[in-house]
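The values are calculated or read from the model by the stated rules, or taken from the named source; none is laboratory data. None of these values were measured; they are calculated from a predicted model. Note that we place each Cβ from the backbone using ideal geometry, even for glycine, and neighbour counts take in every protein chain shown. Keep in mind that these areas ignore ligands, DNA and RNA; they rest on the heavy atoms of the full protein, side chains included. Shrake-Rupley method; radii C 1.70, N 1.55, O 1.52, S 1.80 Å.
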Amino acid sequence: MSIHSKKSVKNITVSTIRGMKSVEPITMITAYDALFAKLFDKSVEMILVGDSLNMSFSGKSDTLSANMELMLYHTRAVCRGASRPLIVFDMPFGSYTSEDLALKNATRIYRESDAQALKIEGGKERANIIKVLTQNSVAVMGHIGLMPQFVRSEGGYKIKGKDEKNIASLVEDAKAIEAAGAFAIVIEGVKCEAAKAITDAVSIPTIGIGAGLDVDGQVLVWSDMFGFFEDFKPKFVKQYLDGAKLIRDAVDVYVDEVKSKKFPSDEFTY
Ligand code: KIV
């Protein structure tokens, strides 16, 4: 039975997500404000307040300048719009460079927003950070493969898992993240064989983005999937709506009606 048909399930928790591995594919979507969070509330299991908002919402060229204030502002808005999905706060670049800083910021996130979990980019080298957080009652989602916060240090967005050695290293990363207590892992921009090897190797759900079908769930950035972000379109993005065209066409009609004095007609006048 799908969790959508279980009348008793109201709000999705970390245990709901853990329990969905190998049972039912998990859906996650990003949201940055209450308006869209409300639209997604009844449908998806998780909402990620991704630092991708720095690009799609704030118009920056990468995610690196997002900070705690910005992420908290958007997370509070998302939490006001959605109550059913599990809401995940994406820790911004530089906010978890040490165990103490990560714990300080995680405490702040739980105190100042209703986010239920945090996401951290990085593999085995970040296992100590994840462990400190989970040991202090913070729910953590890992993120491996293509990690946007590494764009400058790696010289671009690089697809991972292209050879046996790298696949083995990604599997090690996932196992270290699981052992540190994470409840799920995002796998971004990896070859399908790598995503499958990782998913088979861990008992926590894997959520893919550009990682093929052999994962436990999928995540997409809302502005990509609904056709609002036009700067570039990665191969893995399926566009479910031509949002930009819909808006432009509607704006053109509005401008036309204002210029030609058709709007506001009697219907829209007191
Ligand atoms: O910031 C984001 O939206 C993300 C997703 C791409 C997983 O991290």
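Just a few scattered comments:
- ³J(HN,Hα) computed for each position of region 163-175 - Karplus, 6.51 cos²θ - 1.76 cosθ + 1.60, integer Hz, glycine/proline x: 9, 4, 4, 5, 4, 4, 5, 5, 5, 4, 4, 4, 5
- Along region 150-158 the Karplus relation, 6.51 cos²θ - 1.76 cosθ + 1.60 evaluated at θ = phi - 60°, assigns HN-Hα couplings of 9, 4, 7, 5, 9, x, x, 8, 9 Hz to successive residues, with x for each Gly and Pro.
- Going by accessible surface with a 1.4 Å probe and the largest first, F263, F183, F93 read F93, F263, F183.
- In terms of accessible area, using a 1.4 Å probe and ignoring ligands and nucleic acids, T269, T206 rank largest first as T269, T206.
- Cα-based shape type of region 3-239, given that a ≥ b ≥ c are square roots of the gyration tensor eigenvalues and the cut on a/c is 1.5: rounded
- Nearest-10 value in Å² for the accessible area of F40, using the 1.4 Å probe: 20 Å²
- For the chain, relative contact order (Cα pairs under 8 Å, six or more residues apart, normalised by length) works out to 16 percent.
- Nonlocal amide H pairs with I26, under 5 Å, H built at 1.01 Å: G217, Q218
- Residue separation of S61 and S22 scaled by 0.36 nm, minus their Cα-Cα distance, works out to 10.4 nm of gained length.
- Amide proton proximity set for S95, modelled H, under 5 Å, gap of 5+: none
- Paramagnetic reach from S98 in region 126-143 [backbone N under 16 Å; point 7 Å along Cα→Cβ]: 128-130, 132-133
- All aspartates and glutamates inside 19 Å of K162 as judged from Cα atoms, apart from same-chain residues fewer than 8 positions distant: E154, E172, D173, E188, E193, D200, D214
- Out-of-range pairs (alpha-carbon distance over 18 Å; input K191/K235; K42/K119; K21/K196; K131/K191): K42/K119; K131/K191
- Taking the longest Cα principal axis of the chain as reference, the axis of helix 68-81 is set at about 70 degrees.
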